There are 2 protein chains.
Amino acid sequence: MKLSRKDFLKTSGVIAAGMSVGITPNFSIIKSKAGKMKLTFEPYTLQLKHVFTLSTSSRTTTPVMLTQIEYEGIVGYGEASMPPYLGESQETASTFLSKVDLSHFNDPFKIDEILTYVDSIDIGNTAAKASVDIALHDLVGKLIGQPWFKMWGLDKEKTPYTSYTIGIDTPEVVREKTKEASEFKILKVKLGRENDKEMIETIRSVTDVPLCVDVNQGWTDKNFALDMIHWLKEKGIVFVEQPMPKEKVDENAWITEKSPLPIIADEALQRLSDVIKMYGVYSGINIKLMKCTGMREGYKMLNLARALGMKVMIGCMTETSVAISAASQMSPLVDWADLDGNILISNDPFNGAVAVNGKIRLLDLPGIGVEKK
Amino acid sequence: MKLSRKDFLKTSGVIAAGMSVGITPNFSIIKSKAGKMKLTFEPYTLQLKHVFTLSTSSRTTTPVMLTQIEYEGIVGYGEASMPPYLGESQETASTFLSKVDLSHFNDPFKIDEILTYVDSIDIGNTAAKASVDIALHDLVGKLIGQPWFKMWGLDKEKTPYTSYTIGIDTPEVVREKTKEASEFKILKVKLGRENDKEMIETIRSVTDVPLCVDVNQGWTDKNFALDMIHWLKEKGIVFVEQPMPKEKVDENAWITEKSPLPIIADEALQRLSDVIKMYGVYSGINIKLMKCTGMREGYKMLNLARALGMKVMIGCMTETSVAISAASQMSPLVDWADLDGNILISNDPFNGAVAVNGKIRLLDLPGIGVEKK
């Protein structure tokens, strides 16, 4: 039986290993507590330190929803970050989270069962779902008294350096911003416009630090894209994200096959079931908790991509230290991290994982490793 | 880009997500202890309750190696079970384990780093490696104070029923053994001999409990195999393991494609890197800790198979409750379990996970959930 890639994709339904309804153990050394979990949420508006410019819009704020799951006096923190272009809002999150009824679960340890239920409430709403997932992971980690990186067997000293994005601007401003970002060991540049080479040359005029490039589907011709990638390789770029529109599967695969640099899927995927479709089309994937419903599914995506021999990066939105810390727990496993979201805001209500001299530093706190300021 | 299955396999190198050298955190709420881990091991001989008959030999004992990792007064238990036909022995395990030097690790939580080192010491020796993996998981779970099923977010009430093997024998003895096994909700029958249909008919003469069939590569013709499988389906068989020799990839794939029952790979795979090769050839895989180096890799295999939409069963050798309990921790995630190894021995030094009325019962003890008798 020989399967083409398309057959492979067609037949490989992804089964989320979903669990499971439970009864209290009949003899317990480790006692299950009989309390109830209570989910609460409140909208919050992140203030960006700098104007955030996309091809279609600019903004100075990002709407988020901060969540808490309380159980027996312990509180787990979560967050949904919802930049407008992704389709969720404080209104949609509020509607979704109002439907989440955790009162029929009396054991927060049944993470698989609880999150399978949350996912089943409605389609989409991935950021809202992530806000429950993160709060539940924080709660369970606190109940156990350990951070997730330890429960995953990882070494906090092996966290990666995060990239830091240099926004598109005039050459003078780009040079200035690049100089200001000297603590970062890898910089990210958004390309896909008229002035791609100018941007790179401008940055290269002040630093030879490694760069990564996010094209955000901005190139329309595969031969142009490949020529650009060869040029970028000469300029010390380490990988390229989403060179062409996600729908152009064959073109993206053609680029990946011929590219001297790894090509990373971003817009092309969201959840675990998408990872297998990226195989043979991209060199690797960018995992974002807000798109994949949180830590549980993100960790599975990471391990699946590894088993497929693919590269893995982990990214973010503008987020508080809650979501950044959640993503950072698994960051010792990735090739590259783009976790600068909490550096970009001026009103973070939390302390947590943060880049120190460019390297992600995890706090030795249980759960996702955050504390309220 | 269209990849055939063979291209897919060729290009999909499996990367074990290996970790990582570590330094002590600089500000710790959860303190890392500064002790050393100490690995010890001793040979032990399992006494089988009944003679174990394979196509080439019979035996009444199984050699194992019992391991311990001690750290700050806490002891984690492990085990290598080494039925002779798999190539390891107490001698090879002793040689291998003598090379394992844990003295340069001062933090048992760095599971990935430690097990990557153990795996690198030599090729093969999968049971010996598993004995370190299991002891380390037991130790870390005890340090945390939680069983692994909880850290994996699973529900202990969702453990499967284990199958119980009815050995090949005269019809009278088979009928008698089948009646004695009435507490089990699924029975396993070894086929691949002259008397396959007779065995099934004999069991069916006394019970209509679901059966699974392990052919152990015993069928040599694919058309015969498929005819048998159709016949077995009518007899209430739920799946078939390894119908033809593992080298007959195209024949096994042909059978899987046409079979009305799931076809499970057993001899065809050992470790994580083999799972992807099973895709498109078998419906699912049988994970055995002694073949895959232990819990860490077994858990990854389970999640990878799920992501590929494959069935998963978990199996065992004749083993004490140490290895059975280790495998049982992830059993709420599998479709089928064949974890009767500790039921088959008369001198188990441990209490742990065991089938009760056929269903695996996990103890509420931390780590792998065992205690010395």
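The values are calculated or read from the model by the stated rules, or taken from the named source; none is laboratory data. Note that the structure is a prediction, hence the values are computed from the model and not measured. A quick note on method: Cβ atoms are made from the backbone with ideal geometry, for glycine too, and the neighbour counts reach across all protein chains shown.
So the values come out like this:
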| item | result |
| --- | --- |
| Of all residues in the stretch A:355-371 being touching a Lys or Arg at 6+ places or on another chain (Cβ under 6 Å) and under 19 Å from residue A:183 (Cα atoms), the one that is nearest to the other protein chains (Cβ to nearest Cβ) | A:362 |
| Residue count for the stretch B:242-294, restricted to those that are closer than 20 Å to residue A:309 by Cβ and among the aromatic types (Phe, Trp, Tyr) | 1 |
| Tally, over the stretch A:279-293, of residues that are within 12 Å of chain B (Cβ to nearest Cβ) and in contact with a Gly (Cβ under 9 Å, 6 or more places away or on another chain) | 1 |
| Filtered residues of the stretch A:150-198 (kept if of a type in the set (S, T, N, Q) and within 15 Å of residue A:336 (Cα to Cα)) | A:159, A:162, A:163, A:165 |
| Unmet criterion (only one of (1) surrounded by 23 or more Cβ atoms within 10 Å (Cβ to Cβ); (2) closer than 26 Å to residue B:180 by Cβ; (3) out of contact with any Lys or Arg (no Cβ under 6 Å at 6 or more places or on another chain)) for residue B:209 | (1) |
| Flag if residue B:69 is farther than 23 Å from residue B:325 by Cβ and at pLDDT 95 or above | no |
| Residues (surrounded by 24 or more Cβ atoms within 10 Å (Cβ to Cβ) and within 12 Å of another protein chain (Cβ to nearest Cβ)) located in the stretch B:259-271 | B:263 |
| The lone exception for residue A:162 - which of (1) in a helix (DSSP H, G or I); (2) among the β-branched types (Val, Ile, Thr); (3) away from chain B (no Cβ under 14 Å); (4) surrounded by 19 or more Cβ atoms within 10 Å (Cβ to Cβ) it fails | (1) |
| Test: residue in the stretch B:173-184 that is in a strand (DSSP E or B), over 30 Å from residue A:134 (Cβ atoms) and in the same structural domain as residue B:286 (by TED's automatic domain parsing) | no |
| Which listed residue, of A:131, A:120, A:57, is over 28 Å from residue B:364 (Cα atoms), polar (S, T, N, Q) and surrounded by 15 or more Cβ atoms within 10 Å (Cβ to Cβ) | A:131 |
| Yes/no for residue A:142 being within 14 Å of chain B (Cβ to nearest Cβ), closer than 20 Å to residue A:322 by Cβ, in contact (Cβ under 8 Å) with a residue 60 or more places away in the chain and buried (at least 19 other Cβ atoms within 10 Å of the Cβ) | yes |
| Unique residue being in a helix (DSSP H, G or I), of a type in the set (Ser, Thr, Tyr) and out of contact with any helix residue (DSSP H, G or I) (no Cβ under 8 Å at 6 or more places or on another chain) when the list is A:220, A:256 | A:256 |
| Members of the stretch A:234-258 that are without any contact (Cβ under 8 Å) to a residue 40 or more places away in the chain and surrounded by fewer than 18 Cβ atoms within 10 Å (Cβ to Cβ) | A:234, A:235, A:236, A:245, A:246, A:247, A:250, A:257, A:258 |
| All positions within the stretch A:297-328 that are within 11 Å of chain B (Cβ to nearest Cβ) and over 12 Å from the mean Cα position of the chain (by Cα) | A:300, A:303, A:304, A:305, A:306, A:307, A:308, A:309, A:310, A:311 |
